[in-house]
Amino acid sequence: MRSCSGIPLFLFVSLFFACQPVKEKTESINPKLLENAFTKYKAPEIDNRRYGYEIIAPLIAKRKDVFETTVLGKSVEGRPINALTYGEGEKKVLLWSQMHGNESTATMALFDLFNFLEGSADDGFEFIRSAIHKNLLLRFIPMLNPDGAERFVRRNAQQIDLNRDAVRQSTPEGIILKRARDDFEPEFGFNLHDQNRYYNVEGTALPATISFLAPAYNEAREVNAVRSKAMKVIVGMDQLLQQVVPGQVGKYDDSFEPRAFGDNIQKWGTSTILIESGAYPGDREKQYIRQLNFMILLNALYEIATESYNQYTEEAYHDIPENDSKLMDLLIKNVETKAGDYSYLTDIGIKISELFLDSLILMKGNIADWGDLSVYYGHEEIEAKGMELEKGKIWPEVIPFEKLDRARGMDLLKEGYLAVETDKIHKGKVHQLPILVFTEGNTPNLESTLDGSPLFYLTTNGIRKMAIINGHVIPLDSSDNLFFWGIIE
């Protein structure tokens, strides 16, 4: 074999490759470190998920030392839509939240992230902050739909879904987002949303606490270099979440939606990552899910800054389980009931809608499905085998509201009365009584019907065990009863 300078060729080649630097695999940041960062930098000014532009305006105004703040334009009703820019790197990242006014979880997390990026150099997180500042140029739009946020509704003041306005451009907010993307030309984009609490991880009873999507850019759902990068970034976030909420991450179906911003921004050349915040047990205000958003966003930005997302594969993205929609708020299984003289077993699925009154959440249930619901799961489940559904009664007299208290309410429940009438002047008043309270002309229907209010008892051998009132479960054989906020109808 020929040699080079007296060294056999095969040995020369072996030595050459052996001397090349080995590229180390970069792991995600330790979740505990990210949890500590959230605890230190959580924005205390926002402590629930219902807030409008007036709450975030002063939080934006105080950022001028570290961030460049600009007003991109105004909403239909004249509220400013702001952008905050941070960093000095060449790799551009655009993040926008609250395209839907009642999807505010990620907006909270962005203000936590702003606090972190303004943090001190001796806090133990400087290696993250430095990598992001040096390598990235970040632009945040923290509330794209301030008019919807003001009412805490999905759509803008024109009643248009902004996420279906990427092409037609009928809304000032949609025009602002399109222009922001075109002017900035980001390499990566984060499209931040909330999803309803009825999504589960396919084949499991676990809620899809966080769901992802690297949107398709065409009907064929092809994967090009742009979409591939989005997939790899998602894998890094999923791997982090599996350490803190294992099994509670889902992936959306990637059917192409030609009107949507995510699909089109992917098509326009920005690697786009959709993040949807779902449900977590006991977290109606989504404060823990806010923390998860902070953690995955910070980790993703660090991995983009260090390019360590390249260690992940498209195959790992496809391995993330799909979302399903098989959750109910309350699932009652195998209860016996009657239709006329015919007795049968049924499952009852109940969903609960939210009514917001200042700082209170008032919840009202409805019977969403009835029959064989064996493919469904419940955030709360009751195995009612051996139990019967019993219709409740209405107390025959008007009771002055001042004579109603929790003890009286429980006594009425135990006697078979689910509802009581009070004086009309109290209509609309909030209460915390374990019974339905109504006024003249608003007599409730106590028949258990599909799409009706869930108002009934579950009994065993004729003994009332629990009352179901608007989807709330009230045990009757326990001294440790739980009560809920209600409103006099």
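The values are calculated or read from the model by the stated rules, or taken from the named source; none is laboratory data. Because the structure is a prediction, the values reported are computed rather than measured. So basically every Cβ, Gly included, is an ideal-geometry build from the backbone, and we count neighbours across all protein chains shown. Quick note on the areas: whole protein, heavy atoms, side chains included, nothing else; ligands and nucleic acids left out. Shrake-Rupley method; radii C 1.70, N 1.55, O 1.52, S 1.80 Å.
The sole residue among Ala407, Ala368 that is of a type outside the set (Val, Ile, Thr) and within 20 Å of Leu450 (Cα to Cα) is Ala368. Taking the conditions (1) modelled with pLDDT of 95 or more; (2) of a type in the set (S, T, N, Q); (3) open to solvent by 20 Å² or more (accessible area, probe 1.4 Å) in turn, Ser478 satisfies each one other than (1). Being at pLDDT below 95 and among the small types (Gly, Ala, Ser) is the filter here, so list the residues in segment 412-461 that pass it. Scanning segment 412-461 gives Gly428, Gly441, Ser448, Gly452, Ser453.
Quick one: is Arg49 free of Cβ contacts under 8 Å to residues at least 60 places away in the same chain and basic (Lys, Arg)?
Values: free of Cβ contacts under 8 Å to residues at least 60 places away in the same chain: no; basic (Lys, Arg): yes.
Criteria not met by Arg49.
With respect to (1) modelled with pLDDT of 95 or more; (2) open to solvent by 30 Å² or more (accessible area, probe 1.4 Å); (3) not hydrophobic (A, V, I, L, M, F, W, C), the lone exception for Ser104 is condition (2). For segment 63-78, which residues satisfy the criterion of being within 28 Å of the chain's Cα centre (by Cα) and more than 15 Å from Arg139 (Cβ to Cβ)? Within segment 63-78, Lys74, Ser75, Val76, Glu77, Gly78 meet the criteria. Open to solvent by less than 60 Å² (accessible area, probe 1.4 Å), of a type in the set (D, E, K, R), at negative phi and in contact with a Leu (Cβ under 8 Å, 6 or more places away or on another chain) - does that describe any residue in segment 336-343? There is no residue in segment 336-343 that is open to solvent by less than 60 Å² (accessible area, probe 1.4 Å), of a type in the set (D, E, K, R), at negative phi and in contact with a Leu (Cβ under 8 Å, 6 or more places away or on another chain).
Okay, residues lined up against (1) at pLDDT below 95; (2) open to solvent by 10 Å² or more (accessible area, probe 1.4 Å); (3) closer than 21 Å to Asp183 by Cα; (4) touching a His at 6+ places or on another chain (Cβ under 7 Å):
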residue	(1), (2), (3), (4)
Glu68	no, yes, yes, no
Gly73	no, yes, yes, no
Glu77	no, yes, no, no
Leu84	no, no, yes, no
Glu90	no, yes, yes, no
Val93	no, no, yes, no
Asp112	no, no, no, no
Ala121	yes, yes, no, no
Ser130	no, yes, no, no
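Within segment 285-319, restricting attention to residues that are more than 23 Å from Trp96 (Cα to Cα) and in a loop (DSSP other than H, G, I, E, B), the residue that is least open to solvent (accessible area, probe 1.4 Å) is Tyr312. If the condition is being open to solvent by 30 Å² or more (accessible area, probe 1.4 Å), in contact (Cβ under 8 Å) with a residue 60 or more places away in the chain and either over 18 Å from the mean Cα position of the chain (by Cα) or at negative phi (or both), then segment 132-157 contributes Lys134, Asn135, Glu150, Ala157.
Can you tell me which residue within segment 6-56, out of those that are among the basic types (Lys, Arg) and over 16 Å from Ala109 (Cα atoms), is modelled with the highest pLDDT? Step through it out loud before you land on a result.
Quick first cut of segment 6-56, residues among the basic types (Lys, Arg) only: 23, 25, 32, 40, 42, 49-50.
The next check asks that each one be over 16 Å from Ala109 (Cα atoms); those that pass are 23, 25, 32.
Working: Lys23: 37, Lys25: 42, Lys32: 98.
Among them, the one singled out is Lys32.
Looking only at segment 160-187, residues that are within 22 Å of the chain's Cα centre (by Cα) and open to solvent by 10 Å² or more (accessible area, probe 1.4 Å) come to 4 in all. Within segment 399-419, residues that are in contact (Cβ under 8 Å) with a residue 60 or more places away in the chain and more than 16 Å from Met466 (Cβ to Cβ) reach partners that are of a type in the set (D, E, K, R) and outside any helix (DSSP H, G or I) with beta carbons closer than 8 Å, at six or more positions or on different chains, in the pairs Phe401/Asp423; Phe401/Lys429. Pairing each residue of segment 183-199 that is closer than 16 Å to Pro142 by Cα with any residue that is in a loop (DSSP other than H, G, I, E, B) and not hydroxyl-bearing (Ser, Thr, Tyr), provided the two are 6+ apart or on different chains, yields C-beta distances under 6 Å for His193/Glu103; Asp194/Glu103. Being over 37 Å from the mean Cα position of the chain (by Cα) and among the basic types (Lys, Arg) is the filter; apply it to segment 376-413 and report the residue that is surrounded by the most Cβ atoms within 10 Å (Cβ to Cβ). Among those that are over 37 Å from the mean Cα position of the chain (by Cα) and among the basic types (Lys, Arg), it is Arg408.
Of all residues in segment 27-48, which are of a type outside the set (Val, Ile, Thr) and under 16 Å from Asp123 (Cα atoms)?
Within segment 27-48, the first condition is being of a type outside the set (Val, Ile, Thr), and the residues that meet it are 27-28, 30-38, 40-45, 47-48.
Those that are of a type outside the set (Val, Ile, Thr) and under 16 Å from Asp123 (Cα atoms): Asn30, Lys32, Leu33, Leu34, Glu35, Asn36, Ala37, Phe38, Lys40, Tyr41, Lys42.
On the given criteria, is Ser277 over 15 Å from Phe188 (Cβ atoms) and open to solvent by 40 Å² or more (accessible area, probe 1.4 Å)? Considered against the rule, which asks whether it is over 15 Å from Phe188 (Cβ atoms) and open to solvent by 40 Å² or more (accessible area, probe 1.4 Å), Ser277 comes out as no.
Which strands (runs of 3 or more DSSP E) sit wholly inside segment 425-483 and have at least 2 residues that are closer than 20 Å to Lys333 by Cβ? Please lay out each step first, then the result.
Numbers: elements: 436-438, 455-460, 463-469, 472-475.
Passing ranges, in order: 455-460, 463-469, 472-475.
Go over the candidates Leu373, Leu331 one by one and state the one that is without any contact (Cβ under 8 Å) to a residue 60 or more places away in the chain, open to solvent by less than 30 Å² (accessible area, probe 1.4 Å) and part of a loop (DSSP other than H, G, I, E, B). After applying the criteria, what remains is Leu373.
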